[in-house]
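A short worksheet on the structure shown next.
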């Protein structure tokens, strides 16, 4: 399965997370046992064909310019489901959704989404900034 490059805004968010975590992250595709294929926007693992590496980081990225649209909200939910499922396949992996400021309202204290993500072991990184974006905080 071919790995495709991320759009520039998504790549900037991924780079901000890589700097924050101190790991090298890049888009990657994997084939799981049983032949199931899955791609992630960013992965930091030793073997590009294996998810079974201790300390693996798996990342999905969503960028919004302006108010969050329904399709973008739905993508974050789909990304969350994918990462929660990947954690069931690779329990040692660290899973992170990376979003920029317009998504912050989805992850307020008391909302169901951050509670569900925390329970599933999926973190959320909120990235702020223009020319030099950086992780402002981990939300979930």
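Just so you know, all these numbers are worked out from the coordinates, no wet-lab data involved. Predicted, not measured: the structure shown is a model, and the values here were computed from it. Here the Cβ positions follow ideal geometry from the backbone for every residue, glycine too, while neighbour counts run over all protein chains shown.
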Mean-square fluctuation maximum in Gaussian network of the chain, Cα pairs under 10 Å, restricted to 67, 27, 114, hits 67
Of 80, 116, 12, the most mobile residue in a GNM of the chain (C-alpha springs, cutoff 10 Å) is 116
Tilt, helix 70-89 to longest principal axis of the chain (alpha-carbon atoms), in degrees rounded to tens, equals 30 degrees
What helix-only [θ] at 222 nm does the chain give? Using -39500 (n - 2.57) per DSSP H run of at least 4, over all residues, to the nearest 500, the answer is -10000 deg cm²/dmol
Computed over the chain, the relative contact order (Cα-Cα under 8 Å, seq sep at least six) in percent reads 21 percent
In the chain the DSSP beta bridges are antiparallel at a rate, in percent to nearest 5, of 50 percent
Rounded to whole angstrom, the alpha-carbon centroid of region 67-97 lies from that of region 121-137 at a distance of 16 Å
A correct fewest-to-most ranking of 112, 85 by other Cβ atoms within 10 Å would be 112, 85
So the angle from the long Cα axis of helix 8-21 to the longest Cα principal axis of the chain, reported in degrees to the nearest 10, equals 80 degrees
